[in-house]
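**Student:** Take this structure, written in structure tokens, and hold onto it; I'll ask about it next.
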Ligand code: ZN
């Protein structure tokens, strides 16, 4: 089922996600719906907050991206990125490390807005997957960036919080308009 993707200004986007203790049928359903909604929106990552659920859950699929390389290592050995996708991260713990790398980012909660964001080059990840198995890997390139962006969402952190002052100033009018639109729509819903 396609879920509406919440836009900047919706309060759920600022909520820290609760840990998921059991993989209930509802959670399995949510994972499937999040993949469907993300793919329909041509996204490569989606956090539960973006569909209105403040949970430690994100889905990622960079399998279709050909022009921005990624790397994955499991137990110190490189593995094929395509075979590692799609990815479900439940209760992820991450450790970003390495030199700062700057690259373009977008977010499905900020339609048509893109900005260069600087993040550590690598990320070590420990999480549970959709089968309840513990997974552990090191990501580089685009996948590292996506994991860090999505895990930020799970803490209520948005990519605008990672922008330089200058970049955010350039987007300020657009950001304020988006926020106003979201809040107006919420008020209209509440008033019905
Ligand atoms: Zn995002």
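**Student:** What order do you get for 134, 119 when you list them from fewest to most C-beta neighbours inside 10 Å? List each step's numbers first, then the result.
**Tutor:** Details: 134 9, 119 21.
With the sparsest Cβ surroundings first, the list reads 134, 119.
**Student:** What percent of all Cα-Cα pairs in the chain falls into each 10 Å bin, going from 0 up to the bin containing the maximum distance?
**Tutor:** Spelled out per bin, shortest first, that is 9, 36, 38, 14, 3, 0.
**Student:** Still on this structure, I have one more. Want the number for residue 20 to residue 186: 0.36 nm per residue separation, take away the alpha-carbon distance, what's left? Intermediate results must be reported in sequence, preceding the final value.
**Tutor:** Working: separation 166, 0.36 × 166 = 59.76 nm, distance 2.73 nm.
Between residue 20 and residue 186, full extension yields 57.0 nm more.
**Student:** A further question on this structure: Spin-label point model (7 Å from Cα, Cβ direction): what's the residue 1 to residue 74 distance in nm?
**Tutor:** 3.3 nm
**Student:** Report the paramagnetic label zone for residue 39: residues of region 54-84 whose backbone N is under 13 Å from a point 7 Å from Cα along the Cα-to-Cβ axis.
**Tutor:** Under cut-off, by backbone N: 60-64.
**Student:** Testing the spin-label approximation: label points 7 Å from Cα along Cα→Cβ at residue 29 and residue 126. State their distance in nm.
**Tutor:** Calculated label separation equals 3.3 nm.
**Student:** Mind putting together the pair-distance distribution for region 102-192? All Cα pairs, 10 Å bins, whole percent per bin, short to long.
**Tutor:** Per 10 Å bin, starting at 0, the Cα pair percentages come out as 14, 38, 28, 16, 4.
**Student:** Now for a different question. Between residue 171 and residue 99, how many nm apart are label points set 7 Å from Cα along the C-beta direction?
**Tutor:** Placing both labels 7 Å beyond Cα along the Cβ direction yields 2.5 nm.
Values quoted throughout were computed directly from the atomic coordinates according to the rules given, and no laboratory measurement underlies them. Keep in mind it's a predicted model, so treat the numbers as computed, not measured. Ideal geometry is used to build each Cβ from the backbone, glycine not excepted, and the neighbour counts take in all protein chains shown.
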